[in-house]
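The values are calculated or read from the model by the stated rules, or taken from the named source; none is laboratory data. It should be emphasised that the depicted structure is a prediction, and the values quoted were computed from it without experimental measurement. Note that we place each Cβ from the backbone using ideal geometry, even for glycine, and neighbour counts take in every protein chain shown.
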């Protein structure tokens, strides 16, 4: 029983940050129909910026809590700005062309950001562990859990709920949903789709960066982070269904639990398990576990 | 408007390129070897892309070829370069025969995602496999050729260069013949309208599978070359960024000209080398900007520079089959 | 004599829409039959089921006595049924000749990976077929550059390549100019004459129907309303009410 609980808890911890990343990716796909290959790069950017913020705060002798808040704020601001700039400044130029073109553009952005990150922060691993001690430790079932990891679960759930609420219960959200389901119709109804695009993309980038920032205290920031994250979040989004918020949640849970189970039961499977699930979903239910509802075209 | 094949000319070009290696400085030689090997696998992607399916997971066959050859080389002491290429190609081809028919029925975007997923499954398995060295991989010895071993680095480099240029060159000639063949035309038809193809009695899946196997064979052979050049194999061969780089070359080249694939591959290696030389950690940046430039100004890829806009084609577009409008009741 | 095509109790529903309702029909070899009916009456669904694109919910389809109801379009094509499309289904970026060449390639079991279509005279056959429809001069033009009526002809020509025993044409003259439609139908009839093939054509143009059909079958809501010679069917009260108009 303890063993089972351990896996579930580990899985939830994993799933919490996976969900935030996947959410951003699926949102961008749902609205703009772009698979943003640079999504992982924004995760990395968020992590690096967070690390810098934490380090700067710590250098001034301020308590870790300040560092925590500072990193979240700085990441939120910078990421949103970068996201908006990128969408309006670059991506917009390629709308209306073949879908493969935008994929290549985001791939180009991924390549560029890889090196930009290296040039700014160097190639050596960076750590920013001060916030990790903020929430103490918890002993459960004979194992020690770091409070920070556990706190991430409700934070992630809150973000998920906020997004869900925003999409389904606010006017702006419903407009965004309209664009997701039927863009042509939305345009003819007078929706300023360009604005929706910009907001959605900026949001997607923000979520990725936020996930990176939240993870920063417990990982090492080094080159290769972005490529690992993008492929993982892509797998989750495919499993859950491209463009589906519920899908991102279910996918993240599935992947998180699968990973936790593998680590404890069959470590060799930890990595390939996820992609096996992805392949299986693609073969038997290509639209994902949660098909984004498509309105019946008359 | 059929162009003549000029087979003797093409063979002559391959021979000339091989001999030219004699006078090239060592750094160019290694560069060209890598470029030739990458061109081979990118060529396979182009062959397959003509059916409307882009493979984002050629790393699977690239790694299969590399690991297959590495294991056999270490187990049986097989070091002959040509034999290694053949084994690599065979490993890729056998795997392609198994996987091809399974995924041939998935359309464009799902096909691409499946190939990606499968390559990452392989990557994941390799990284955690202690028997194969895990993420560190393992080393292999020097390649030989027809019984001769090469201790002088200059000779060894030239041998590898010659083998890779000749093999890739002949693959290019084979691809050119294929493109102009009946089967090549049918492949294009599959991309345009795979439903009509079926109505004409042609199995679209079979056409796709055969192209897929060809791509897998090229990828496996390329894996063998990469192994011989680095004398080392590791799971990175199957990672998505590796596959992505090969797609990058194919996209850069466009899907009309075989020669463009070589040009694109060489361009990539030159950019990488020069960036690393003058500004470390910038080659990806330069490549990214370069890619954006090509997308903006050369949507048909490099090949469109000389093939011309005879046909309206977008780069490696994965076209959905035309909706069967007549299906309404 | 076994009819070349025999349909028994065919059923097909799309949700609440009944496209085929206990459809039973026998088509003897060599006949030229026109299917008429309002949009949504079930004519194209019938064609889709016969050619293997849709699977019937019930009933059977027999070609020369053999059940083909569960076969794929590819198998059905190989068994001798070909069709053309309401909206031409062509390989748009290829030339007209290349389109026909692909069709010719499809006839044999093996395609060459080495030789072009010219090698076995297949290219010639393709161009020859284009010539029979008066399209020789556009042979080397990409289909994307050609007008709708020309595309229609190419679409039909492609269906003829296999010399099918049963040829289904979905609105062969729609999109073809008024002067050309008779020439088009003449060419089609002429092209299949040597094989004495059976032709089934879906049509809205009653002039074409009365001129070329030996027999007319009128569809309505998935059922056959009337079946007989054109002069009778076209005068039938119910047909005039539900199909051709003219009766309030």
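What to note about this one:
Here's the yes/no breakdown for (1) more than 14 Å from chain B (Cβ to nearest Cβ); (2) assigned to a helix (DSSP H, G or I); (3) surrounded by fewer than 16 Cβ atoms within 10 Å (Cβ to Cβ):
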| position | (1), (2), (3) |
| --- | --- |
| A:61 | yes, no, yes |
| A:72 | yes, yes, no |
| A:77 | yes, yes, yes |
| A:80 | yes, yes, no |
| A:88 | yes, yes, yes |
| A:112 | no, yes, no |
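- Failed condition for residue A:4, given (1) touching a residue at least 60 places away in the same chain (Cβ under 8 Å); (2) more than 30 Å from residue A:196 (Cβ to Cβ); (3) over 15 Å from the mean Cα position of the chain (by Cα): (1)
- Taken over the range A:236-249, the criterion of being touching a helix residue (DSSP H, G or I) at 6+ places or on another chain (Cβ under 7 Å) and either under 17 Å from residue A:207 (Cβ atoms) or outside any helix (DSSP H, G or I) (or both) is satisfied by A:236, A:237, A:240, A:241, A:242, A:243, A:244, A:245, A:247, A:248, A:249.
- Looking only at the range B:138-166, and only at residues there that are over 22 Å from residue B:62 (Cβ atoms) and in contact with a helix residue (DSSP H, G or I) (Cβ under 6 Å, 6 or more places away or on another chain), the one that is nearest to the other protein chains (Cβ to nearest Cβ): B:145
- Per the conditions (1) out of contact with any strand residue (DSSP E or B) (no Cβ under 8 Å at 6 or more places or on another chain); (2) more than 14 Å from chain B (Cβ to nearest Cβ); (3) within 24 Å of residue A:110 (Cβ to Cβ), the sole criterion not satisfied by residue A:223 is (2).
- Of note, residue C:119 satisfies the criterion of being assigned to a helix (DSSP H, G or I), over 21 Å from the mean Cα position of the chain (by Cα) and loosely packed, with under 15 Cβ neighbours inside 10 Å.
- Matching residues in the range A:114-134 - criterion: being touching a helix residue (DSSP H, G or I) at 6+ places or on another chain (Cβ under 9 Å) and either at the interface with chain B (Cβ under 10 Å from one of its Cβ atoms) or not in a helix (DSSP H, G or I) (or both): A:114, A:115, A:116, A:117, A:118, A:119, A:126, A:127, A:128, A:129, A:134
- Whichever residue in the range C:31-51 is more than 20 Å from residue C:15 (Cα to Cα) and within 11 Å of another protein chain (Cβ to nearest Cβ) and, among such residues, is modelled with the lowest pLDDT: C:37
- Checking A:35, A:102 one by one, the residue that is assigned to a loop (DSSP other than H, G, I, E, B) and either touching a residue at least 60 places away in the same chain (Cβ under 8 Å) or out of contact with any helix residue (DSSP H, G or I) (no Cβ under 6 Å at 6 or more places or on another chain) (or both) is A:35 and no other.
- Scanning the range B:279-293 for residues that are modelled with pLDDT under 85 and more than 8 Å from every other protein chain (Cβ to nearest Cβ) turns up B:279, B:280.
- Only one entry in A:151, A:146 is in contact with a strand residue (DSSP E or B) (Cβ under 7 Å, 6 or more places away or on another chain), under 21 Å from residue A:63 (Cβ atoms) and either away from chain B (no Cβ under 14 Å) or free of Cβ contacts under 8 Å to residues at least 24 places away in the same chain (or both), namely A:146.
- Residue ranges of helices (runs of 4 or more DSSP H) in the range A:167-221 with at least 3 members without any contact (Cβ under 8 Å) to a residue 12 or more places away in the chain and surrounded by fewer than 17 Cβ atoms within 10 Å (Cβ to Cβ): A:171-181, A:183-188
- Tally of residues being in contact (Cβ under 8 Å) with a residue 60 or more places away in the chain, at the interface with chain B (Cβ under 8 Å from one of its Cβ atoms) and not in a loop (DSSP other than H, G, I, E, B) across the range C:79-106: 2
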